[in-house]
Amino acid sequence: MLKTLFTTSAAAALMAAGLPALAQDAECPIKVGVLHSLSGTMAISETTLKDTMEMLVKKQNEAGGVLGCELEAVVVDPASDWPLFAEKARELLTVHDVDVIFGNWTSVSRKSVLPVIEELNGLLFYPVQYEGEESSKNVFYTGAAPNQQAIPATDYFLEELGVEKFALLGTDYVYPRTTNNILESYLISKGIPEEDIFVNYTPFGHSDWSKIVSDVVALGADGKQVGVISTINGDANVGFYKELAAQGVSADDIPVVAFSVGEEELSGLDTSNLVGHLAAWNYFMSADTPENEEFIADWKEFIGDDKRVTNDPMEAHYIGFNMWKNAVEDAGTTDVDAVRDAMYGQEAPNLTGGTATMLPNHHLAKPVLIGEITEDGQFDILSQTEEVPGDAWTDFLPESAVLTSDWKELGCGMYNTETKSCVQIKSNY
Amino acid sequence: MTDIAAPSSPRGAFVMRHPSVLIFLACLAIFTVGVTVLSEGFGIGVLSTSFIKTLGKTLCLCLVALAMDLVWGYCGILSLGHMAFFGLGGYAIGMWLMYARTEMIVVESLSNAPLPPTPEEISDGIASQIFGVVGASDFPPIWGFAHSLPLQLAAVVIVPGILALVFGWLAFRSRVTGVYLSILTQAMTLALSLYLFQNDSGLRGNNGLSGLQNLPGLDSVSQDAVSMWFLWGSALALGLGYVFCAWVVSGKFGSVIRAIRDDEARVRFLGYPVEAFKLLVFTLTAIIAAIAGALYYPQAGIINPAEIAPIASIYLAVWVAIGGRGRLYGAVVGAAFVSLLSTWFTGGQAPDIVIGSFRLQWVDWWTVLLGLSFVLVTLFAPKGLGGLVDLITERRSPDRHGADLGPDMGSLQEREAEK
Amino acid sequence: MRILARFFLATLAICLSLPAHAQNADAPIQQIMQENGALIAESSRRTIGPAIDALAASGLPAAQMLLERWQNKELYLNEETGLFVFGEEVDRDTLRIFAITDGSEIGVVPDDPYDQLRPNSGVRSMIGAALVQFQLNAPDAATRLTALDAIARDAEPSHLTALRAAIDNEPDAGVKAKKERLERLLTIQFAEDDAARIAAIEGFSGDLGVDVRATLNPLVATRLEVSETEPSGADIARTLTPGTDALPRAQAYNLLVEEGLTPPAITASDRRNALIANVENGSVAGIQVADLNTEAARDLAYAELARAGTVEQLATEADVDRALAAHFFFERFIGASPAVAQAAQDALATTEITVGVARFIDLVMDALSLGSIYFLAAIGLAITFGVMRVINMAHGEFIMIGAYTGYVVQLFIPNYTLSIVVALPLAFAVTFAAGVAMERLVIRWLYHRPLETLLATFGISIALQQIAKNIFGTQARPLTAPDWLNGSLVINDIVSISYIRIAILVLALLFLALFLFVMNRTRLGLEVRAVTQNPRMAASMGINPDKINMLTFGLGSGIAGIAGVAIGLYAKVTSEMGQDYIVQSFMTVVVGGVGNIWGTLVGAVLVGSVQKGIEWMTPSNTLAAQTYMILFIILFIQFRPRGIIALKGRAAEA
């Protein structure tokens, strides 16, 4: 309480001290909407992000706010209920009049929110890796597009591990489906024959993995190195990795690279049997940089728990928030259109070193990391690429290859380069 | 305890004999007018559009609760599958909404092409727009009628109707009753939602159909107005549904289905085709549920398989039980009360309760409270909130000399009770 | 890349000024490392080869240790001096370093200038392959086995000679057998002499091992080729006819196009582009552009253009047929010489049936295992629902409570074996108590209102789930099996079953026996049956129905708790795990026939087999398998509402 009082008065003092010229178009306080589920199935993942946002807002207020205004986090709970996301987004934009929203985890919740955000011209920062094939004027995607996670990981399999036969295992929903479609055509373009790609989809929370793991092992019978690309989501990973261990499949025999297993998920597992399996992200908690050390220390202090881990979507919010703050300061207003224009080319430090850049297609350029699971539930970073520019429309599906997104020059998120026309201004939801 | 099985009377007499219908319609009308006056779209703007949408959706939930009350409270079939029909109705209307909106976008974008588009190109364009999300680009056969609003509107009624008819026919024919039937309907719901979860199902898997709040061709109309249209539509549907249900349960038909609820075997011995009655009620209520769903999902904006999950149907039973089974206004009150309360609690508006160092957050504990209150209602207040009305009007259950009031203690037909 | 740049700077620095560790830098092994420093720092499988070869071929005594420790990620690079050392982490900021020449300790230093080299598993396996020459004759049997594993993973021709030399003086019989087997596999792959290869192949006849098939399959690899003349030669595996399953028409035609033997087919988009290119004055070949809004009109316009010779003629079906008929399609062996390939093909053919049978046995075992899991989950229900006719929708939550009990016990007792021993009875006790409490507080008021029991227990189920979420969170919690339950019983490379599943099967059978014993041989069972059939009569015989109901319900719930521990061990512990089993459990009981434990058993096996059968038919979509399984059960119940083993007579009416 004392602290808040102090910062408020500090901010007031700053403004009184002759900064009114800076406090232009923004109505104080500047409201930051946080649209993450605090209850329901997604709560565990999304609550962390809500806390991250509250921490970032608090830190920014301690540093004097933005445009001389105090920031205020407006938190609502869409309760892992997809229609409720749309309702809450409308409430944030019309009732609370927030200037920006940070939120969503699942693709379906984003698709639910999109029409509302576009209708009311809001601004959403989406922090999670996703399947791409979308570019909305009102959304900045700070998570990885497929070419920033899936493709580099597949390259790693092909080049570093010499994998010749692929098992694409995923939970049956949109992200794995689309990612696997992209990977299939990518692999075929790399000369992997179609019969050497095994695809399987399982329901959410699947637990009986014996047959699928046997099938994967049996793939090795024609003498080719087998690798598993896993888009298995959430709880189902527990049973999957247990079954791998039970059948004695080690990372040296059949490596598994996962796109949805991070530090947070590993805390639900005994990792001693998983050592050596891989994950691809844009961030690992083990990254050895001063920014990351500071971030982890701040996080542990804010949450008051020394065992809490950090993960990739948290870094995405960190980058997104810093970029938005810079853009607001550059634009001198929180007006959505002005901020959006100021966002292009905006740079912010990554926690893994280097800087992320916001591209005109509303995606980030950031590095891709491959890590190996270690005994203590962390990742050993094996490789880190240069900054990879995120691609909204993949080059490896025929329908998308001709599309491009450029909001700065073309003013279109779905531009057909073949017919040189904008397919649509609103996004496809 | 007068003429329970009275022959159906002329219309005026029907309303006169059921003053509760008039009262209900009056309340609904006052509510609708009040909301309109307070709305952003057509009134003074006290109620936000997002709240209007919540109210509109609640009206649809009341309608499906009416259907549930008819099948459970009056006919004694505890169906745990009516939200599946609700969802199917939503899917049917959602297909047209998505198709028509996407078609406009595609035609617009192709109009700039050097060659005029062929029907095949338009169709391919729509398909890749809709199914690009799930990595497909062809229309599955079930989208064959999606281009036509009348056909999809027919599908809202026909698809759930046929599913209910076939499922009901199989189940009732085999004399599957009571808890077995409940579990079977739950399994049906589970199978349907698992099926829809598959991307191959042709309804976009887990993503479902989205952007339904944008009516095709009405981009210029603001959601403030659209939400009011749907609220009016939902209120109208609820009013009609209520009158219809009241009419169904008031006549001889109503007496027979209540008799089936209380003792199926006796009714059969009396020569009534019990299975046919049950099948009719089951199918009819499925259709009402589907219509409610078709009105609900354009307001919600998105429909996906999670909406059909078995838990949704259980909540439906909870609403009806808490409101009071076997009385139509009970179902409506229960659905409105519980779902609005639920919104309020999970919305984070309810103040936290601090007990010592422990902080009880309603977001976390609301479901526990709901579950337990459900147990308590079942145990101690089988009449639900409707029981309060009985207290006020001093209505008592008929004296059956110690015997139960039928297998469903909570079910109470208002005219059966004594003043 | 950053590391690389720093490395070059560092090397430069060494050359200019003599560093502190002069004696270290001069050592021959350090020299080799410096020469290959850039490659080692980059650590990519594609480029690392020369560096590993240089070390392995150096003949230096220190090379083996260096390779081993590099493989174990213990090699560090000092970015300031550019020298390599071994290191082990003392804490987050400090490092204990050792000389790479002899492994002697240098001291404890801050880790700032040191970069750990983290070879990826591709590089590690290459290092392993290079280490083989040192390890094959190592005194330690475990090391020799490591070497054999390394060969099996990443075999090189040079290994064959090394391996042959290492067989004779192998003291350990087990290791020797492995060496011999591996030698034969390498012979098949690398021997110069075809006769030796064929002999080795024949030696493996009938062997089901994945390694054998993995060795043989590359030998029979073929390439699809096409020629205008009839192919001949021993290396022709088979000839194909276009239009069959083995070679669809489109594929055959594509091959012709690829080989440049026919012009490519013209696609719809090619056609559109051709039309656009030929628009003149708003019309194409005399047809107005505005009229080109059907496929037929575009076909016509294109045909007009083709007739005028502006664009290429469309290939008709007849053209395609003619082109296909004019060529021969065949597969050519490319993996090995024809004789070897033929031998390998024969060997594979002999195992084909055995492999199929083994797969089937494996599938049956999977089905049995799944059936036993369903049975275990359902056996508590068989008591509460089957015997007492109480619908308990919170049964799944009792399973969950059992699993969480196991998790909590493991928090306090770190020894996994002991914790399981404690957890099983404790889970029983906890869920027994929960069951008794629920029976006393709720269910006994509702014995004559089954529908309301169903609803009330639903309420409890919802509340329990949320309470578990509030306490343990929605994230899955670890419940780890003891080591002796890890791994699996391997019968051959195809048929195997994990020990944990065997344990569940045994547990299920134990409970079946327990159930039969309690119901048929004990006083409690007698009283339970009496109370179920006629409570008033039983009461007048001096049985206390209240007490019996309470105990029976507690027993059913307690067994659910134990099932929870078992299920948590093999899968996951979450607040929603009960939901995964509740519908299936009820289905199992109903399909089998209510009130008959054998029925439940048959039901569980049936449900498990049907699910695995459907999974086998739709290998890429497990979700579909679950959907169709439930549909199957719904239909089954419609046609046989009393289940497989239906009770007859008076008991059926109870």
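The values are calculated or read from the model by the stated rules, or taken from the named source; none is laboratory data. Quantities reported herein were computed from a predicted structural model and do not represent experimental measurements. Glycine also receives a Cβ, built like all others from the backbone with ideal geometry; neighbour counts cover every protein chain displayed.
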(Q) Against the conditions (1) within 14 Å of chain A (Cβ to nearest Cβ); (2) surrounded by 15 or more Cβ atoms within 10 Å (Cβ to Cβ); (3) among the charged types (D, E, K, R); (4) farther than 30 Å from C:Val355 by Cβ, where does C:Glu258 fall short? Just the number, please. (A) (2)
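How many residues are in a helix (DSSP H, G or I) and within 8 Å of chain C (Cβ to nearest Cβ) when one looks only at the stretch A:212-225? Walk me through how you get there before you give the answer.
Residues of the stretch A:212-225 that are in a helix (DSSP H, G or I), as a first pass: A:212-222.
In the following step, the residues that additionally are within 8 Å of chain C (Cβ to nearest Cβ) were identified as A:212, A:214-215, A:217-218, A:220-222.
Result for the stretch A:212-225: 8.
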(Q) Are there helices (runs of 4 or more DSSP H) fully within the stretch B:312-395 with at least 1 residues that are within 23 Å of B:Thr54 (Cα to Cα)? List them. (A) B:328-346, B:362-380
Q.
For the stretch B:173-195, give me the residue count where each residue is in contact with a Phe, Trp or Tyr (Cβ under 8 Å, 6 or more places away or on another chain) and over 14 Å from B:Met83 (Cα atoms).
A. 2
(Q) If B:Val46 satisfies all but one of (1) in contact (Cβ under 8 Å) with a residue 12 or more places away in the chain; (2) more than 20 Å from B:Val157 (Cα to Cα), what's the number of the condition it fails? (A) (1)
Q: Name the single residue, out of those in the stretch C:107-159 being out of contact with any Asp or Glu (no Cβ under 7 Å at 6 or more places or on another chain) and of a type in the set (S, T, N, Q), that is surrounded by the most Cβ atoms within 10 Å (Cβ to Cβ).
A: C:Gln135
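Find the residue count for the stretch C:591-610, including only residues that are modelled with pLDDT under 85 and either polar (S, T, N, Q) or part of a helix (DSSP H, G or I) (or both). Lay out the reasoning, then the answer.
As a first pass, look at the stretch C:591-610 and keep what is modelled with pLDDT under 85: C:593-596.
If we keep only those that are either polar (S, T, N, Q) or part of a helix (DSSP H, G or I) (or both) too, we end up with C:596.
Residues in the stretch C:591-610 being modelled with pLDDT under 85 and either polar (S, T, N, Q) or part of a helix (DSSP H, G or I) (or both): 1 in total.
Report the residue count in the stretch A:271-314 for those that are assigned to a helix (DSSP H, G or I), surrounded by fewer than 19 Cβ atoms within 10 Å (Cβ to Cβ) and of a type outside the set (Gly, Ala, Ser).
Residues of the stretch A:271-314 that are assigned to a helix (DSSP H, G or I), as a first pass: A:271-273, A:290-303, A:312-314.
Filter once more, so that each one left must be surrounded by fewer than 19 Cβ atoms within 10 Å (Cβ to Cβ): A:271-272, A:290-291, A:293-294, A:296-298, A:300-303.
Imposing the further condition that a residue be of a type outside the set (Gly, Ala, Ser) reduces the set to A:271, A:290-291, A:293-294, A:296, A:298, A:300-303.
Counting residues in the stretch A:271-314 that are assigned to a helix (DSSP H, G or I), surrounded by fewer than 19 Cβ atoms within 10 Å (Cβ to Cβ) and of a type outside the set (Gly, Ala, Ser) gives 11.
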Q) If a residue has to be closer than 23 Å to B:Tyr74 by Cβ and among the small types (Gly, Ala, Ser) to count, how many in the stretch B:356-383 make the cut? A) 1
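Of all the residues that make up the stretch C:316-341, how many are part of a loop (DSSP other than H, G, I, E, B) and over 16 Å from C:Leu255 (Cα atoms)? Spell out the reasoning first.
So the first thing to find is which residues in the stretch C:316-341 are part of a loop (DSSP other than H, G, I, E, B), and the list is C:316, C:326-327, C:334-337.
Next, only the ones that are over 16 Å from C:Leu255 (Cα atoms) stay: C:316, C:334-337.
Here the count works out to 5.
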Q. Is it the case that some residue within the stretch A:226-233 is within 11 Å of chain C (Cβ to nearest Cβ) and in a strand (DSSP E or B)?
A. yes
Q. Of all the residues that make up the stretch A:175-196, how many are surrounded by fewer than 24 Cβ atoms within 10 Å (Cβ to Cβ), β-branched (Val, Ile, Thr) and not in a loop (DSSP other than H, G, I, E, B)?
A. 1
Q: With respect to A:His317, determine if the residue is under 20 Å from A:Ala73 (Cβ atoms), crowded, with 22+ Cβ neighbours inside 10 Å and not hydrophobic (A, V, I, L, M, F, W, C).
A: yes
Q. When you go through (1) assigned to a helix (DSSP H, G or I); (2) touching a residue at least 24 places away in the same chain (Cβ under 8 Å) one by one for B:Val166, which number turns out not to apply?
A. (2)
Q. Only one of (1) within 22 Å of A:Ala258 (Cα to Cα); (2) more than 12 Å from chain B (Cβ to nearest Cβ) is not met by A:Asn138, so which one is it?
A. (1)
**Q.** Matching entry among A:Ala63, A:Ala145, A:Ala86, A:Ala150 (being facing chain B (nearest Cβ under 8 Å) and of a type in the set (Gly, Ala, Ser))
**A.** A:Ala86
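Give, as residue ranges, the helices (runs of 4 or more DSSP H) completely inside the stretch C:505-590 that count at least 3 residues that are closer than 24 Å to C:Ala481 by Cα. I'd like the intermediate steps shown before the answer.
Details: elements: C:523-533, C:535-540, C:545-570.
In the stretch C:505-590, C:545-570 are the helices (runs of 4 or more DSSP H) which contain 3 or more residues that are closer than 24 Å to C:Ala481 by Cα.
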**Q.** Unique residue being under 25 Å from A:Gly103 (Cβ atoms) and surrounded by fewer than 21 Cβ atoms within 10 Å (Cβ to Cβ) when the list is A:Thr333, A:Thr352, A:Thr404, A:Thr374
**A.** A:Thr333
**Q.** Residue in the stretch C:439-474 that is modelled with the highest pLDDT, counting only those that are surrounded by fewer than 18 Cβ atoms within 10 Å (Cβ to Cβ) and assigned to a loop (DSSP other than H, G, I, E, B)
**A.** C:Tyr447
Q.
Show me the helices (runs of 4 or more DSSP H) found entirely inside the stretch A:47-166 where at least 2 residues are out of contact with any strand residue (DSSP E or B) (no Cβ under 7 Å at 6 or more places or on another chain) and in the same structural domain as A:Glu27 (by TED's automatic domain parsing).
A. A:82-90, A:107-119
Q) Picking from B:Ser123, B:Ser137, B:Ser109, which residue would you name as being at the interface with another protein chain (Cβ under 9 Å from one of its Cβ atoms), over 16 Å from the mean Cα position of the chain (by Cα), of a type in the set (Ser, Thr, Tyr) and within 23 Å of B:Asn207 (Cα to Cα)? A) B:Ser137
